[in-house]
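This report refers to the structure that appears directly beneath it.
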Amino acid sequence: MILVTHNQHKFLEYEEIFLRSKIELEWYNYEYPELQSDNLKEIVEFSLKHVSRILNRPFFLEDTGLFIDSLGGFPGPYSSYVQEKIGNMGILRLLEGISNRNARFISLIGYFDGKNFYYFDGTLEGSISYSIRGKNGFGYDPIFIPEKYDKTLAEMSIQEKNSISHRRRALDKLLGYIKNSMESIK
Ligand code: ITT
């Protein structure tokens with residue numbers, strides 16, 4: 001299976017999950033153009049079509065956003081740009097004095113089987129911490145506390161994050177779909 005991403009952290013997380021499946025994961029390191037839209041599905045669809053013209057064989061890619069309730073879902077699909085411009089400190093400043101810290105990560109995987117496009121989503125509910133905590137993970141991990149936990153994703157090992165993450169949940173759906181479609185060919 002080929003994963004298309006230019007984000008090494010993402011690849012490493014997928015690699016750790018794939019180690020436990022019988023499927024081999026190959027990394028195609030490519031920065032594809034991303035559509036600016038407030039709809040994750042539109043963004044993924046655009047990227048899938050673009051990459052499918054270049055690769056012309058089965059692959060998957062994924063887009064993830066952090067959606068903060070009290071900021072009206074910001075940064076959402078603009079997570080990459082916002083992380084680069086204002087970072088985790090910027091998000092903490094925006095939330096100063098705000099007690100509703102509810103947020104969620106949503107990952108949307110787009111899969112091309114050589115012919116058609118498929119979509120699989122995964123969500124992780126949680127809240128934004130009051131300070132930056134932890135050294136593991138990447139992006140918003142140091143300010144995101146998953147529901148039912150009292151530590152941030154950056155205070156978890158990659159295995160622990162992968163046991164609950166948005167990415168893992170979306171990937172389980174994709175792998176379930178692939179397993180089913182292989183069984184129906186047999
Ligand atoms: P590709 O599009 O090449 O896969 P990217 O880094 O642009 O890589 P996304 O658009 O999916 O990936 O992610 C947007 C940003 O959201 C990303 O730059 C991170 O800052 C953040 N992000 C994504 N997944 C995350 C995770 O599991 N934990 C914390 N932050 C994450």
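For the stretch 1-85, report the % of Cα-Cα distances exceeding 20 Å. Taking all Cα-Cα pairs of the stretch 1-85, the fraction more than 20 Å apart is 41 percent.
Spin-label model, Met182/Glu84: points 7 Å from Cα along the beta carbon direction are separated by 3.6 nm. Among His166, His9, the order by Cβ neighbours within 10 angstrom, fewest to most, reads His9, His166. Farthest towards the positive end of the charge dipole of the chain, among the residues Tyr30, Ser181, Pro58, is the Cα of Ser181, using unit charges on the Cβ of Lys, Arg, Asp and Glu.
Would you calculate the convex hull of the Cα atoms in the stretch 81-186 and tell me its volume per residue in Å³?
Working: hull volume 13.1 nm³, N = 106.
Taking the convex hull of the Cα positions in the stretch 81-186, it is 124 Å³ per residue.
Computed from label points 7 Å out along Cα-Cβ, the spacing between Tyr32 and Ser99 is 4.4 nm.
Given the chain, what percent of its DSSP beta bridges are antiparallel, to the nearest 5? Can you show the working numbers first?
Details: 26 of 31 bridges.
Close to 85 percent.
Pairs of Lys residues in the chain are counted when their Cα atoms are under 18 angstrom apart and they lie 8 or more places apart or on different chains; the count is 15.
Taking the fewest neighbouring Cβ atoms within 10 Å as the starting point, the ordered list for Glu42, Glu26 is Glu26, Glu42.
As a proxy for reagent exposure, Val82, Val51, Val4 were ordered by neighbouring Cβ count within 10 angstrom, fewest first; the result is Val82, Val51, Val4. Among the trypsin sites (Lys or Arg not before Pro) in the stretch 79-124, those located in a DSSP loop and surrounded by at most 13 other Cβ atoms within 10 Å of their own Cβ are Lys115.
Over all directions, the average projected area of the alpha-carbon convex hull for the stretch 24-65 comes to how many nm²? Could you put the intermediate results ahead of the total?
Details: hull surface 13.3 nm².
That works out to 3.3 nm².
Considering only Ser52, Ser127, Ser21, the mean-square fluctuation computed in a Gaussian network model of the chain, springs between alpha carbons under 10 angstrom, is largest for Ser21.
For the options Glu84, Glu16, Glu34, a Gaussian network treatment of the chain with springs between C-alpha atoms closer than 10 Å singles out Glu84 as fluctuating the most. Look at the alpha carbon pairs under 8 Å that are at least 6 residues apart: their mean separation over the length of the stretch 42-122 gives a relative contact order of 39 percent.
Cα convex hull of the chain: how many Å³ per residue? Don't skip to the end; give the middle numbers.
On the way: hull volume 21.1 nm³, N = 186.
Given the Cα convex hull of the chain, per-residue volume reads 114 Å³.
The charge dipole of the chain, taken about the Cα centre with unit charges on the Cβ atoms of Lys, Arg (+1) and Asp, Glu (-1), comes to about 280 debye, rounded to the nearest 20. About its Cα centre, the dipole of the stretch 36-114 is roughly 100 debye, where the only charges are +1 on Lys and Arg Cβ and -1 on Asp and Glu Cβ.
Computed from the coordinates by the stated procedures, all read-outs in this text should not be read as laboratory data. Bear in mind the structure is a predicted one, so any value in this text is a computation, not a measurement. Every residue, glycine among them, receives a Cβ derived from its backbone with ideal geometry; neighbour counts consider all protein chains shown.
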